[in-house]
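The values are calculated or read from the model by the stated rules, or taken from the named source; none is laboratory data. Nothing here was measured: the structure is a model prediction, and the numbers come from that model. Quick reminder, even Gly has a Cβ in these numbers, built from the backbone with ideal geometry, and neighbours come from all protein chains shown. We work out accessible area using only protein heavy atoms, side chains counted, and drop any ligands, DNA or RNA first. Shrake-Rupley method; radii C 1.70, N 1.55, O 1.52, S 1.80 Å.
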Amino acid sequence: MDVTPPGLTLRSTTGAAYRFDPGTLCLELLTTGGPGPYQRYEVLHRPADVTAWAERSRLTPTPELAVSAEEVAALRMLRDALFRVVIAHTRGEPHPPGDLAVINEAAARPALAPAIAPDGSRRWAGTPGGAALAATVARDAVELLTGAHAHRVRICAAEDCHLVYVDTSRPGRRRWCSMEHCGNRHKVRALRARHSEEG
């Protein structure tokens, strides 16, 4: 039985590994790079990179994908559009119309289709391409941004962190991408500040 907590294993600038659970598939895609200053984090260069991301994602089981180079570019375009829409959403700003069109176009295409394997286990039908993966991500984004948790999409409170997550905590007061990373850094800084005041 797999007892690994949901989420991705990320690395800090110091190289320390930590778990980050953004809460949804579409927000997991935002950890692969993004527009503008986030281009330096780009990891989706080749079809194999998309396959590797799908393996790390919350998709269960991992789909056996046949991704083309054009589909890699289209997935990056979807991710960048989603990034801008989500940032606008967290700020209470209007969603950029062009970016909404990119998300809606992707969501309108056929998505990954679940199926039952001969042994009774879950699998994905056929050998889906990158467009089906993008459609699945885009539909997840539509569900998130129009659903019950739309008001709980947050950006990590750390000044130097831009990870986006859904706050699914019962009180709705999650502030950090990860308590073991940004939450812990905040505690250490607060402790140092107290000691310097006392000293």
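At the residue level, HIS95 shows approximately 60 square angstrom of accessible surface with a 1.4 angstrom probe and all protein chains present. Solvent-accessible surface (1.4 Å probe) assigned to SER169 amounts to roughly 40 Å².
For the pair ALA157 and THR90 in one chain, pulling the backbone fully straight at 0.36 nm per residue adds 22.9 nm over the alpha carbon distance.
Shown for the stretch 9-97: the carbon plus sulfur share of the solvent-accessible area, taken with all protein chains present and a 1.4 angstrom probe, equals 54%. Each residue of the stretch 47-57 was assigned a 3J(HN,Hα) from its phi angle through the Karplus curve 6.51 cos²θ - 1.76 cosθ + 1.60 (θ = phi - 60°); the sequence is x, 5, 5, 5, 4, 5, 5, 4, 5, 7, 6 Hz, with glycine and proline shown as x.
Take every Cα pair under 8 Å in the stretch 23-131 that's 6+ residues apart, average their separations, divide by the length, and report that relative contact order as a whole percent. With pairs under 8 Å counted, the relative contact order is 27 percent. Each label was represented as a point 7 Å from its Cα along the Cα-to-Cβ direction; for ALA117 and THR62 these points are 1.3 nm apart.
Please identify the trypsin sites (Lys or Arg not before Pro) of the stretch 61-147 that satisfy two criteria: DSSP loop assignment and at most 11 other Cβ atoms within 10 Å. Which are they?
Loop-located and lightly packed - ARG91.
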